[in-house]
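Undergrad: Below are the structure tokens for one structure; questions will follow.
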Amino acid sequence: MNPEMNTLMPKHVHLRSVLSKLIQDGNWSKGQKLPSEAQLSSQYGVSRTTIIRAMRDMERDGLLTRRQGAGTFVSNDHTDRQTIGVLIPGLATDDIFLSVQRHIFRQSSRFNWQVLTGEVLLPGDNDAAGHAPVVAAKKLAQSGVSGVIMVPHHVDGQSEKCNESMLNVFSNAKLPVVLLDRDIYKAPHRSEYDLVSLDNSRAGFELGCHFIERGKKRLAYFGNPHAYPSTHARISGVRKALALQNLTLTEERVVEASELEFSAMIKNIKAETVDGVICNSDHDAALFMRTCLKAGLAIPDQVSIAGFDNQPVARLLAVPLTTVAQPVQGLAIRAISTLQDRITFPDVSQATIRIKGELIVRSST
């Protein structure tokens, strides 16, 4: 397979970005006929189905034109299109941000925008010095984008420096940036950049209220509030819900999701000092649920479990999982519209946009 196609995102999505960049860079000029599907399939080491899906998306976005019996051509008006960049670190096939990115591609066509993506490794992933994020940022900055939508790394140690280094690249290139999901600094500190995210505090509050309504009042939380401002906000929301009933979520009940902590939590549940557990993601909730079931615990009778994101796994578990759905389409739309405002009105005040998630109640609570 061509090295350019070595990515965790869907092949047709990445291929679309690669082919779009050929147009953006002038390697394929307007009106030029593209190589055949068979030729592109051979060149990029992907199936013809992948080629067709990528070209269909590019045609929908106005980059390509198909002519019956003649082939596929670069559209004559593509040079008038604006291009934005999207940077999401450590993107994986089961990542909630993959869904957000797909919606960014879809919604950007409403503004006649083209989207280029940058593949970003997490610090330590074959990149101990943390250079890969900066390289990805420089590539986007040099590709002619008008602005960038970026999901920051988690905010501790080396990752925080990576965020600042990437943003410095865009600042030096005078490119506006909209942050997605979280800020680059720990709460309550706030950066200068626009931010679009789930209303995490409200989501945590609604989950806390839901547990209390179910008679679960001795809660614990799996998640590191120091790693993500979004996690800090969710825990704060849970605590506000408990405070209304003169209840608390103690510091020792907020822990990392790990096998060691899972085992310790099982003991607390059996001792009846914990009867409800909120996990910072559906993935962590699924792992903890498996541990509970192996220990013979009844869900939700002995312990209620909930997560965040509404990933497909949530409804497929042995006990379907209660969760807060991320508003992926809303996040994409507001990120794009906020970036458009920032491009058009660069001196407007910083925006913080929080979008309500949906509490989805299933059998785990």
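Undergrad: Residue by residue through the range 49-73, note down the ones that are in contact (Cβ under 8 Å) with a residue 40 or more places away in the chain and either surrounded by fewer than 18 Cβ atoms within 10 Å (Cβ to Cβ) or over 16 Å from ILE104 (Cα atoms) (or both). Break it down into steps so the answer makes sense when it comes.
TA: Filtering the range 49-73 for residues in contact (Cβ under 8 Å) with a residue 40 or more places away in the chain gives 53-54, 57-58, 60-63, 73.
Passing the criteria: ARG53, ARG60, GLY62, LEU63, PHE73.
Undergrad: So, GLN39, is that one surrounded by fewer than 20 Cβ atoms within 10 Å (Cβ to Cβ), without any contact (Cβ under 8 Å) to a residue 40 or more places away in the chain, farther than 28 Å from ALA332 by Cβ and not basic (Lys, Arg) or not?
TA: Values: surrounded by fewer than 20 Cβ atoms within 10 Å (Cβ to Cβ): yes; without any contact (Cβ under 8 Å) to a residue 40 or more places away in the chain: yes; farther than 28 Å from ALA332 by Cβ: yes; not basic (Lys, Arg): yes.
Taking the combined requirement at face value, the residue satisfies it.
Undergrad: I'd like to verify a number: residues in the range 237-260 that are under 25 Å from the mean Cα position of the chain (by Cα) and under 17 Å from THR323 (Cα atoms), how many?
TA: 3
Undergrad: Looking at HIS189, HIS210, can you tell me which residue is touching a Leu at 6+ places or on another chain (Cβ under 9 Å) and either at pLDDT 95 or above or surrounded by fewer than 20 Cβ atoms within 10 Å (Cβ to Cβ) (or both)? Walk me through how you get there before you give the answer.
TA: On the way: HIS189 fails: touching a Leu at 6+ places or on another chain (Cβ under 9 Å).
The conditions single out HIS210.
Undergrad: From the set of residues in the range 213-236 that are among the small types (Gly, Ala, Ser), at pLDDT 95 or above and surrounded by fewer than 21 Cβ atoms within 10 Å (Cβ to Cβ), which is nearest to HIS154 (Cα to Cα)?
TA: Among them, the one singled out is SER236.
Undergrad: Being modelled with pLDDT under 85 and within 28 Å of ARG342 (Cβ to Cβ), is that true of even one residue in the range 25-45?
TA: Within the range 25-45 (the criterion being modelled with pLDDT under 85 and within 28 Å of ARG342 (Cβ to Cβ)), the answer is yes, since at least one residue qualifies.
Undergrad: Moving to a separate point now. Which is over 17 Å from THR323 (Cα atoms) and in a helix (DSSP H, G or I), of HIS232, HIS226? Spell out the reasoning first.
TA: Details: HIS226 fails: in a helix (DSSP H, G or I).
So the residue among HIS232, HIS226 that is over 17 Å from THR323 (Cα atoms) and in a helix (DSSP H, G or I) is HIS232.
Undergrad: Just checking: which of the helices (runs of 4 or more DSSP H) contained wholly in the range 267-354 hold 3 or more residues that are of a type in the set (D, E, K, R)? Show your work before the answer.
TA: Details: elements: 282-294, 313-316, 328-344.
Correct list: 282-294, 328-344.
The values are calculated or read from the model by the stated rules, or taken from the named source; none is laboratory data. Treat the numbers as computed from the prediction; the structure is a model and nothing was measured. Cβ atoms come from the backbone with ideal geometry, glycine included; neighbour counts cover every protein chain shown.
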